[in-house]
Structure formats: structure tokens, C-alpha cells
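The values are calculated or read from the model by the stated rules, or taken from the named source; none is laboratory data. Small disclaimer: the values here were computed from a predicted structure and weren't measured. Backbone-built Cβ (ideal geometry, glycine too); neighbour counts: all protein chains shown. Calculation scope for accessible area: heavy atoms of the full protein, side chains included, ligands and nucleic acids excluded. Shrake-Rupley method; radii C 1.70, N 1.55, O 1.52, S 1.80 Å.
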Amino acid sequence: AADLAGFQYCELLQEPIAASMAYGLSAKRTDGYWLVFDFGGGTTDFDFGYYRLPTAEEEDAGYEQVFEHFGAAGDRFLGGENLLENMAYLTFKHNLELCRKHKIAFSKPLDAEDFPGSDMFLEKTQAAQTNTLMLMAKLRPLWETGHYANTSGVEKMGLLPRDSHTKVECDLAIPVDALKVYLEKRIEEGVFNFLAAMHKAFTAEGTPPAHLVILLAGNASRSTLVLSFFGLIA
């Protein structure tokens, strides 16, 4: 807790739980086990707990609702922006000959693997990071909607070479099908990690409950891939 300008700040809840309360968990007004899959831009957080109304003593103490927290986990590299960065990385790898010709460097996501000859292309320079960010912007609709409007399969972009501040016009081939496969596999892995963490949390608590409520939080949970893995769309 901390005092600031007459206000007292107390950190009582983890972010996923606080989000679940804000999103209307208490509006249900029923006891039950709640699971939070908080899929944001940077990471995905998992939280598990039991929601109930307060006892008489707790109500006298000022509590209107109680969330008994008994488990937390997460997938540190499953985030919307990290997925986009990996998509850009895969696209540049798909265009290595073009990058070699125009001396185009790009950056590597923290969870990505090197490739043979990667020293020639991977840099932490401003130019490399700018190239990656520009391509991420082009690929964002594919991640957010599942569709890529440019049916030609080629994206014309001005990219920065390592030895100049002047952009070079490049025709990047976009491996749309391979990027969709990557997204599907990576999100499936994240959902599997969530279910494994859930199983571990409930095993520690004893007999798994017969009924669970899963809250999908975070903007990235709007993805059709996420919704499909949780059985919300066909």
C-alpha cells in the first residue's frame, strides 16, 4: 500500500482477476469456479479462483464479493504484438534473397530461433527495428481478422538498408498460408498451456469441479482463432 496526495493505493488483486470483476463477473451473482484467460498485447496471463458472495462476517467488514484465488500461470510470449513480430520475422526469412540483394536487416523476436546465415540479416539497429515495425503494420489485418486484403501475395514496401538512410523499394512476397499455420499452432499451444495450468491448479485443490466458467479477457481474445479453440465458433 502507498499514500499519494491523500489517496491510499492498495494492490489487492492481480490484473486478470481485477479484469474479470470489471467485465461483469459479479453481475452473475452466483457462486462458481472462474478461470481467466487474459490474452493481451504482450503476454497471456492465467488465473483460477472461486467466486462467491461474502459471509455475514465478510459483509460486515465491507466486502461485497469474494474471489478466492488459488492458481496463476501464463504464457510469457503469447501476446498479440509478439505474434505480429514473429509473423514479420517469418516473412523476412521467406524473402532472404531480396534482403541480401538490398542489404535489408531485420530484428528477431525473443522467442524465435536463429537460422543458417542469420548473422547477415539480424541486427538491433534502428533500421532493422524500423523494417520490422513497418512490416508488422502491414501484417496486422491478417492477425486481427484472419484475412489479407492484398490478393497478389506481394507487398510493395520502402525498407531501410543497413548502409543508407534512404528507403529502397522492395517487393516482399507474403507467405499468407504459412503465417496462418503459424498463428493457428501458436495459439493452440497457448490454449493447451492454459488447460494444463488449469488441470494443475484444480488437482492441487482436490476434486475438479463439474462446472467451470472461462472468461476470455484482453483484446487479443477477440481473435477468431482463440474463439474457435474455446468452441465459441465453428
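Given 10 °C and 1.306 mPa s, compute D for segment 187-234 with the Stokes-Einstein relation, Rh being the Kirkwood radius over Cα pairs; round to the nearest whole µm²/s.
Answer, rounded: 133 µm²/s.
Where in the chain is the longest stretch that carries no GluC sites (Glu not before Pro) classed as loop by DSSP and with at most 11 other Cβ atoms within 10 Å?
Here the longest run is 114-234.
Can you give the extra length, in nm with one decimal, that the chain gains between residue 118 and residue 151 once fully stretched, where that is 0.36 nm per residue apart less the Cα-Cα distance?
So the chain would gain 8.9 nm between residue 118 and residue 151.
Would you please give the FRET efficiency between residue 52 and residue 224, computed as 1/(1 + (r/R0)^6) with r the Cβ-Cβ distance and R0 = 30 Å, to the nearest 0.05?
Taking R0 as 30 Å, the efficiency between residue 52 and residue 224 is 0.35.
In the chain, what percent of the accessible surface is made up of carbon and sulfur (1.4 Å probe, ligands and nucleic acids excluded)?
C and S atoms contribute 54 percent here.
How large is the accessible surface of residue 198 in square angstrom, using a 1.4 angstrom probe and rounding to the nearest 10?
Number for this one is 40 Å².
How big is segment 70-135 in terms of Cα radius of gyration and Dmax, in angstroms?
13.7, 55
Could you please report the charge total around residue 77, scoring K, R as +1 and D, E as -1 over all other residues with beta-carbon less than 13 angstrom from its beta-carbon?
-4
If you consider only alpha-carbon coordinates, what radius of gyration and Dmax does segment 97-234 have, in Å?
19.8, 64
Based on a Kirkwood Rh over C-alpha pairs, give the Stokes-Einstein translational diffusion coefficient of segment 55-107 at 10 °C and viscosity 1.306 mPa s in µm²/s.
Rounded to a whole number, D works out at 101 µm²/s.
Using only the Cα atoms of segment 57-172, what are the Rg and Dmax in Å?
20.8, 73
Obtain the radius of gyration and the Kirkwood radius of the chain from its C-alpha atoms and give Rg over Rh.
Reported Rg/Rh, Kirkwood definition of Rh: 1.10.
Among the trypsin sites (Lys or Arg not before Pro) in segment 93-161, which ones are in a DSSP loop with at most 12 other Cβ atoms within 10 Å of the Cβ? Mind listing them?
Listed in order of number, the matching sites are 124.
With θ set to phi - 60°, apply the Karplus curve 6.51 cos²θ - 1.76 cosθ + 1.60 along segment 96-111 and write out the HN-Hα couplings as whole Hz, x wherever there is a Gly or Pro.
Values, residue by residue: 5, 5, 5, 5, 5, 4, 9, 6, 8, 9, 9, 9, 10, x, 4, 9 Hz.
Which of 203, 132, 91 moves the most in a Gaussian network model of the chain with Cα springs under 10 Å?
For the chain, modelled as a Gaussian network with Cα springs under 10 Å, the answer is 203.
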